[in-house]
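The values are calculated or read from the model by the stated rules, or taken from the named source; none is laboratory data. Because the structure is a prediction, the values reported are computed rather than measured. Here the Cβ positions follow ideal geometry from the backbone for every residue, glycine too, while neighbour counts run over all protein chains shown. Please note that ligands, DNA and RNA were not included when accessible areas were found on the heavy atoms of the full protein model with its side chains. Shrake-Rupley method; radii C 1.70, N 1.55, O 1.52, S 1.80 Å.
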Amino acid sequence: MIDANNPALESWVEVPENSDFPIQNLPFGIFRTPTNPAPRMCTRIGDFVVDLAVMNYLSLFEDLEIDNDVFTASYLNDFIQLGKTKTRALRNRLSNLLQKGNEEISNLSWHFLHPIDKVEMLLPIKVGDYTDFYSSIEHATNVGCLFRDPENALLPNWKHLPVGYHGRASSIVASGTPITRPNGQTRPNSEEPPVFGPSKLLDFELEMAFIVGRETKLGQSVSTTEAEDYIFGMLLFNDWSARDIQSWEYVPLGPFLGKSFASTVSPWIVTLDALDPFRVEGPVQDPAVLPYLQYEGKHNFDIALEVEIKPEKGAGKVVSQSNFKFLYWNICQQLAHHTSNGCNLNVGDLCASGTISGKDVNSYGSMLEITWRGTKPVQMPDGSLRKFLHDGDTVIMRGHCAKNGVRIGFGEAVGTILAAH
Ligand code: CA
């Protein structure tokens, strides 16, 4: 067991029951405060953000041999670039410093602890390249039924390779960033010419993403066995989608403007180390996959996921409860497939899972599926109906693991829909 994951550990910082951030989590993020607007590195415990730049200034990390600049960088890329030996050492050090009994450190806490509601959490990663996979068999089957042919919902390649496409990194935004309803070309009536205007079928996609933590050289392929060495950690990912733009534009080259207007990430990168106790077997893959996609061990994770829609006024409603463990293709297979042609990865690349749907309608990860393309609207607590998202709606995604009395979570990925320009 990784020392910092020990369920018996307790912190001198009060951690509320059901917090996503006990001492066993210690994720990494970037924040700033009104009095010190310079972005800097942090971790989180309970309802407090821990300023790692200040901890470093107090010489609490001196022997870890990490450059001062890493703690005051605007993104975590430089930290992640240090490699797992050093990033692990810092997480272990934080675990020691924040453990009960370390009164010496708790006496200094006013220097580096900030209540979470007094800080602004920023985009944690400068994303170089963004790849979106399509790894949920339930989602791919549902979309195949809705967009194409229920008899042949899965295309012939789907069970042989983790299907994916190259997305747009520039529009990946921090949680809390408003999302403007995109304009685009659609063809609402197949008997008439296409039209241009605000998307009428704006949707979310419940996804998770991993952050590449180690670069590969052009021409290098990474095996499924080595893959986790190249993955730093994970976050929540909302791949906003305009279904009317998507369905008209996507043949033959796949998603484009129906997806590229925005994607929202949660502020905390939870390390693969912290997720280690929550490993589970993946679904049986039948037919057997090619040797380069075969793997040993457990590489799925039991992460409960949910999506809430909160209208501008009134109560919200949880419209989906899914789980990361449903994914047919795991992160090691995704990374092995991504590098199988020799395409190089860089630190800070982001690979999203694709929408994570389960078998039941209440576990579907998009409104497209939940309302079956608008034919079965969801009723909100105020009586209004949702086929897709309305202006003023806020979408909140949450995710957490729980086992042996320890709960490790990701916080929230939040975005509010603004009217189109
Ligand atoms: Ca997607």
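A few comments on the model shown:
- Among the conditions (1) in a strand (DSSP E or B); (2) away from the ligand (no atom under 16 Å from the Cβ); (3) of a type outside the set (A, V, I, L, M, F, W, C); (4) out of contact with any Leu (no Cβ under 7 Å at 6 or more places or on another chain), the only one that Thr264 does not satisfy is (2).
- Filtering the range 273-296 to residues that are aliphatic (A, V, I, L, M) and open to solvent by 60 Å² or more (accessible area, probe 1.4 Å) leaves Val284, Ala288, Leu290.
- Selection status of Gly399, open to solvent by less than 10 Å² (accessible area, probe 1.4 Å) and not assigned by TED's automatic domain parsing to the domain that holds Gly46: yes
- If you go through the range 380-396 and pick out every residue that is surrounded by fewer than 16 Cβ atoms within 10 Å (Cβ to Cβ) and in contact (Cβ under 8 Å) with a residue 40 or more places away in the chain, you end up with 5.
- Among the candidates Phe232, Phe237, the residue that is away from the ligand (no atom under 16 Å from the Cβ) and modelled with pLDDT of 95 or more is uniquely Phe232.
- Extreme residue, nearest to Phe28 (Cα to Cα), among residues of the range 98-112 that are among the polar types (S, T, N, Q) and in a helix (DSSP H, G or I): Ser109
- From the options Asn323, Asn344, Asn330, residue that is within 28 Å of Pro150 (Cα to Cα) and surrounded by fewer than 24 Cβ atoms within 10 Å (Cβ to Cβ): Asn323
- Flag if Ser95 is without any contact (Cβ under 8 Å) to a residue 40 or more places away in the chain, away from the ligand (no atom under 16 Å from the Cβ) and either assigned by TED's automatic domain parsing to the domain that holds Val265 or assigned to a helix (DSSP H, G or I) (or both): no
- Single match in Phe278, Phe326 (criterion: within 16 Å of the ligand (Cβ to nearest atom), among the aromatic types (Phe, Trp, Tyr) and touching a residue at least 24 places away in the same chain (Cβ under 8 Å)): Phe326
- Any hit, the range 257-270, residues being surrounded by fewer than 16 Cβ atoms within 10 Å (Cβ to Cβ) and within 17 Å of Ser136 (Cβ to Cβ): no
- Against the test of being touching a helix residue (DSSP H, G or I) at 6+ places or on another chain (Cβ under 8 Å) and modelled with pLDDT of 95 or more, the options Lys118, Lys84 yield a single qualifying residue, Lys84.
- Pairs linking a residue in the range 357-373 that is over 15 Å from Gly144 (Cα atoms) to a residue that is part of a loop (DSSP other than H, G, I, E, B) and of a type in the set (S, T, N, Q), with Cβ atoms under 7 Å and 6 or more positions apart or on different chains, are Ser363/Ser357.
Rundown of residues vs (1) within 15 Å of the ligand (Cβ to nearest atom); (2) open to solvent by 60 Å² or more (accessible area, probe 1.4 Å); (3) in a strand (DSSP E or B), yes/no style:
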residue	(1), (2), (3)
His114	no, no, yes
Leu123	no, no, no
Asp132	yes, no, yes
Ser135	yes, no, no
Ala140	yes, no, no
Leu146	yes, no, no
Leu161	no, no, no
Arg168	yes, yes, no
Ser190	no, yes, no
